[in-house]
Amino acid sequence: MQRSRSMRRLDRVTPKGRHVLHYRRRANSLPHCGICGAELSGISIKRGAKSGSRRSNERLFGGALCARCTSEVIKYASRIEQGEMKMSEVGIKQRAYILQMVSH
Ligand SMILES: [Zn+2]
């Protein structure tokens with residue numbers, strides 16, 4: 001634990017004047033979009049966030065993609081299903097999510 005950098009080190013001075021290190025767990029990092037890497041909003045990063053709505057959102061690909069990328073994926077998936085677009089015209093990161101939508 002004392003070697004690990006997932007613990008934050010805090011310099012503290014005791015009432016007797018001794019210098020000691022205290023260790024605290026670092027804050028969780030924000031979840032990011034799987035396509036563009038933007039920080040996802042509407043999600044609590046607190047440890048022990050209880051209700052499901054604080055941990056994710058109800059949208060399609062909620063907790064995995066940001067709203068903008070989700071709308072693009074939906075758009076491309078319907079175009080591919082209609083035959084207006086080909087899979088090769090879509091970015092490689094979008095393909096996995098589009099495949100998920102088309103297969104359902
Ligand atoms: Zn995104």
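Structure summary
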quantity	calculated
Amide H contacts of residue 32 (H built 1.01 Å from N, under 5 Å, at least 5 apart or other chain)	40
0 to 90° range, to nearest 10: angle between helix 67-82 axis and the chain longest Cα axis	20
Total charge dipole magnitude, the range 1-41, about the Cα centre, Cβ charges on Lys, Arg, Asp, Glu only, Debye to nearest 20	440
Trypsin sites (Lys or Arg not before Pro) lying in DSSP loop within the chain, provided at most 16 other Cβ fall within 10 Å	3, 5, 16, 18, 26, 46, 47, 50, 59, 86
Cα long-axis angle, helix 92-103 against the chain (0 to 90 degrees, to the nearest 10)	60
Inter-label distance, nm, simple model (7 Å from Cα along the C-beta direction), residue 96/residue 29	1.7
Under 26 Å from residue 86, Cα to Cα: lysines that are on another chain or at least 8 residues apart	75
Student exercise, the chain dipole from Lys, Arg, Asp, Glu Cβ charges, in Debye to nearest 20	1240
Cα-based Kirkwood hydrodynamic radius, the range 28-103, one decimal, Å	13.4
Extension gain (nm, one decimal) between residue 89 and residue 46, 0.36 nm per residue minus Cα-Cα	11.6 nm
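Each reported figure results from applying straightforward, stated rules to the coordinates on display, with no laboratory input. Note that the structure is a prediction, hence the values are computed from the model and not measured. Ideal geometry is used to build each Cβ from the backbone, glycine not excepted, and the neighbour counts take in all protein chains shown.
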